[in-house]
1. With charges only on Cβ, +1 for K and R and -1 for D and E, what is the dipole size of the protein assembly as shown about its Cα centre, in debye, rounded to 20?
2. Go through the stretch B:33-79 and name the GluC sites (Glu not before Pro) that are in a DSSP coil and have 15 or fewer other Cβ atoms within 10 Å of their Cβ.
3. When DSSP assigns beta bridges and you keep just the ones with both residues in the stretch A:47-217, what percent turn out antiparallel, to the nearest 5?
4. Averaged over A:183-190, how many beta carbons belonging to a partner chain fall within 10 Å of each residue's beta carbon?
5. Using only DSSP helix segments of four residues or longer, with each worth -39500 (n - 2.57), what per-residue ellipticity at 222 nm results for the protein assembly as shown after dividing by its residue count and rounding to 500?
6. List the lysines whose Cα sits under 24 Å from the Cα of A:K185, skipping any in the same chain fewer than 8 residues away.
7. Between beta-carbons, use under 13 Å as the cut-off and find the net charge around A:N150, counting Lys and Arg +1, Asp and Glu -1.
8. Give me the net charge of B:R65's neighbourhood, meaning all other residues with Cβ under 11 Å from the Cβ of B:R65; Lys, Arg count +1, Asp, Glu -1.
Amino acid sequence: MSEVLEPTKNKDALIAVMDQCPAEAVPTESPLYHRKLGTRGAGTGAATVSAGELNLLGHLVIRGNAEEAAFCSGIEAALGVQLPETLKSVEGDDVSMSWIAPDEWLVLCPLAKAFAVEETLRENLNGHYSVVNVSGGQTVVRLSGSNAVNVLKKSSPYDFHDSHFPVGKVVTTAFAKTQAVICRKSADTWDLVIRRSFADYAWRWLEDAASEYGLQVTVE
Amino acid sequence: MFYIYCPYCKEHREEEEFHAKGQAHIARPADPDACTDEEWGEYLYFRKNPRGLHHEMWVHATGCRKFFNVTRDTQTYEIKEVYKMGERPSIVAQDQNPTAAKQA
């Protein structure tokens, strides 16, 4: 185990990077593991909201200066996507990148690729930047269905109208009296990035809020 | 409820997303060792509480988590302007020039 988790020095010799998910043999549990979502049957009646966890994704937080041309081109070279503009999200192969703050972005990718993506980023970026693997700290819940937007409207003061929240927009806002990064993936599909410590609470909130519309729990 | 414009997210958000963080533009004395106790005490503990225009800091706590400045009228609660950290307000009360008022 210690062999596997040995940190390796980055080429700048300043940062010790480590594969936080080194082998499939190491058991991992998502923040909603204990809710046993896979064992839920479909509810009675017609379900107009589906909710499920996109569990065990790789989450990387990138910070840097978007006004620096080298930083922008480095991101593009490493991820194959352009740095998203304010409140926007972009999709690449297996990778999505969301604006979080003027100097902060969230990258989602398969967990198995997270370390490779991190290393590619470090190879392509120079100077004052940071890449942090926060995969263990948060999870993604996907809401879909014709009434998904109504569940969100009940849970957040934000304006989710089509004219204000087009596909591809991402906002970090108050959600269920806590906080979530909400990204509109398609007309009826919304991804919520939720903190690990709030995952149980937020999921129960969603189950309650969606029950009046008929909730179908989906398992990826 | 305030409906506050975040200069970093570039849109209006509910007050629920923000926290007020007190008076803005408090400059730390350049040489703290050279301060008298009174000057240091003023810097640490004494804050304005004006009736009228007030420059204050707010943080977009559940959004981009950035600090910014707000010029607000404490009588009407009206937000006159919002500007980023490091910028100076363009709306300043006539009688609110801090050094002039203090020295007078």
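1. Values: 33 positive and 45 negative charges, 152 e Å.
Result for the protein assembly as shown is approximately 720 debye, rounded to the nearest 20.
2. B:E78
3. Details: 43 of 46 bridges.
The antiparallel proportion sits near 95 percent.
4. Numbers: counts 0, 0, 0, 0, 0, 0, 0, 0.
That average works out to 0.
5. On the way: 6 runs with 63 residues, N = 324.
Helix contribution divided over all residues of the protein assembly as shown: -6000 deg cm²/dmol.
6. Within the straight-line limit of under 24 Å, A:K185 reaches these lysines: A:K88, A:K113, A:K153, A:K154, A:K169, A:K177, B:K10.
7. Values: positive: A:K153, A:K154; negative: A:D188, A:E212.
With Lys, Arg at +1 and Asp, Glu at -1, the neighbours total 0.
8. Details: positive: B:K66; negative: A:D103, A:E104, B:E17.
Net charge in that neighbourhood comes out at -2.
Read the figures in this text as sums done on the coordinates, not as results from a lab. Treat the numbers as computed from the prediction; the structure is a model and nothing was measured. Note that we place each Cβ from the backbone using ideal geometry, even for glycine, and neighbour counts take in every protein chain shown.
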